[in-house]
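Take a look at the structure set out below.
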Amino acid sequence: MNKRYQGPITRMYATLIALLVIVSLAGFIDKGKSVTIQSDGNTQTVYTHAVNEEALMRENNIELGPCDELEMSTSKLTDGSLVTLHRAVPVVLEHKGNKQEVRTAKQTVQAVAEQYGYNTKDFRPYGDTEAPVTKNMTIRIGNISRKAIVEDEVVPYAIESIPDETLGQGEEQVIQEGKNGRKTVKMNIVSLDGQVIGKEHVETTLVTEMQPLVRHVGTKETVEINTGTISKFKEVFTMVATAYLPTDGNGEGITKMGTLARYGVVAVDPNVIPLGTRVYIPGYGVAIAEDTGGDILGNRIDLCMENYDACMIFGRRTVPVYVLE
């Protein structure tokens, strides 16, 4: 009896498996989800079972040209994803008088240059490299050259102030004199077709460590922070402060301590403020020293900001840095 039905049952299972494979390859075996499509000036939210953006386009009868590109807000198609279709447009690439007509769906002139083989090490578009691409525009590309230079720079000594209740308000006592350090900075002078356009930082080497000026000051034991609470501090430094974005440096957004760079993280010289220390900077707030930087030596501190405008507004200034208990 078993042998009589074994063949048909086996064929039935094989047929089901084959159907599942076909459906999977077609890109429609998945639980449903709601996604938004932006294409050709239209925005629509659809319910779909597609597992990738290409299948989503087929499901909604949206044809893709050979140079069109899809941009997705998430790493894979999921509920709430935004899929944007960028249609390719004609542009002209000009390099050393030679013109090349191409089609591209890239969004910046730099991306177009890279798409057609002009790498960022040896080439660069003229003007704003992040300028948006427009139909029939001409993108002029020049050759990049670099000249290495080395500069000596002073590492200003930090000023370390230690609260001392035995001294009156406004009084201070120097315990150790400060001494500047020295560093060498390797840079590349960058030129575009022979015209200097900027510098690239290569490496900073500490030659001589600075010696902080240490003083006892007669001051209150507490400092009021902007959360409305009172935090005791052990000491205070006078430092030159700048601002940076999480994407600066290697672009990965990972601090020296292996955490994500974010607002509330500062880069310091560990010889002055150990990593992991909680600090308070007026106008910025309470922060944790989790990062370092090639130029952050001595009485320097770099504050992580949320956006480029905030960095520009903050600029470069001298601030007191309170080391909290």
> Out of (1) open to solvent by 40 Å² or more (accessible area, probe 1.4 Å); (2) in contact with an Asp or Glu (Cβ under 9 Å, 6 or more places away or on another chain); (3) modelled with pLDDT of 90 or more, what's the single condition that is false for residue 320?
Replying inline: (2)
> In this structure, does residue 50 turn out to be of a type in the set (A, V, I, L, M), in a helix (DSSP H, G or I), touching a Gly at 6+ places or on another chain (Cβ under 6 Å) and surrounded by 15 or more Cβ atoms within 10 Å (Cβ to Cβ)?
Replying inline: no
>> Of everything in region 53-63, what is free of Cβ contacts under 8 Å to residues at least 12 places away in the same chain and either in contact with a Phe, Trp or Tyr (Cβ under 8 Å, 6 or more places away or on another chain) or part of a strand (DSSP E or B) (or both)? Give them in sequence order.
In response: none
> Where residues in region 266-294 are among the acidic types (Asp, Glu) and in a strand (DSSP E or B), which of them is farthest from residue 203 (Cα to Cα)?
Replying inline: 290
> Counting just the residues of region 288-300 that are more than 14 Å from residue 183 (Cα to Cα) and surrounded by fewer than 22 Cβ atoms within 10 Å (Cβ to Cβ), which one comes out nearest to the chain's Cα centre (by Cα)?
Replying inline: 292
> Among the residues of region 76-92, which ones are farther than 15 Å from residue 55 by Cα and in contact with a helix residue (DSSP H, G or I) (Cβ under 7 Å, 6 or more places away or on another chain)?
Replying inline: 91
>> Testing residue 66 on (1) open to solvent by 80 Å² or more (accessible area, probe 1.4 Å); (2) assigned to a strand (DSSP E or B); (3) more than 30 Å from residue 185 (Cβ to Cβ), one condition comes back false. Which one is that?
In response: (2)
> Which is surrounded by fewer than 15 Cβ atoms within 10 Å (Cβ to Cβ), over 27 Å from the mean Cα position of the chain (by Cα) and not in a loop (DSSP other than H, G, I, E, B), of 36, 45?
Replying inline: 45
> If you take the residues of region 274-284 that are touching a residue at least 24 places away in the same chain (Cβ under 8 Å) and surrounded by fewer than 21 Cβ atoms within 10 Å (Cβ to Cβ), which of them is nearest to residue 240 (Cα to Cα)?
Replying inline: 281
> Would region 78-94 turn up any residue that is in contact with a Phe, Trp or Tyr (Cβ under 7 Å, 6 or more places away or on another chain) and over 15 Å from residue 44 (Cβ atoms)?
Replying inline: yes
> Does residue 243 qualify as being among the small types (Gly, Ala, Ser) and crowded, with 16+ Cβ neighbours inside 10 Å?
Replying inline: yes
> Could you list, in sequence order, the residues of region 132-150 that are open to solvent by 60 Å² or more (accessible area, probe 1.4 Å) and either without any contact (Cβ under 8 Å) to a residue 40 or more places away in the chain or part of a loop (DSSP other than H, G, I, E, B) (or both)?
Replying inline: 132, 134, 135, 136, 150
> So residue 174 fits all but one of (1) in contact (Cβ under 8 Å) with a residue 60 or more places away in the chain; (2) touching a Leu at 6+ places or on another chain (Cβ under 9 Å); (3) among the aliphatic types (A, V, I, L, M); what number is the exception?
Replying inline: (1)
>> I'd like to verify a number: residues in region 236-285 that are basic (Lys, Arg) and under 23 Å from the mean Cα position of the chain (by Cα), how many?
In response: 2
>> Against the condition at pLDDT below 95 and among the small types (Gly, Ala, Ser), how does residue 105 come out, does it pass?
In response: no
> Just to be sure, is residue 233 open to solvent by less than 50 Å² (accessible area, probe 1.4 Å), more than 21 Å from the chain's Cα centre (by Cα), among the aromatic types (Phe, Trp, Tyr) and under 18 Å from residue 316 (Cβ atoms)?
Replying inline: no
> Could you say which residue among 156, 163 is within 36 Å of the chain's Cα centre (by Cα) and surrounded by 15 or more Cβ atoms within 10 Å (Cβ to Cβ)?
Replying inline: 156
>> Quick check on region 295-309: of everything there that is over 14 Å from residue 265 (Cβ atoms) and not in a loop (DSSP other than H, G, I, E, B), which residue is modelled with the highest pLDDT?
In response: 300
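The values are calculated or read from the model by the stated rules, or taken from the named source; none is laboratory data. Here the structure is a predicted model, which means the values were calculated and not measured. As a convention, Cβ positions derive from the backbone with ideal geometry for all residues, glycine included, and neighbour counts pool all protein chains shown. Keep in mind that these areas ignore ligands, DNA and RNA; they rest on the heavy atoms of the full protein, side chains included. Shrake-Rupley method; radii C 1.70, N 1.55, O 1.52, S 1.80 Å.
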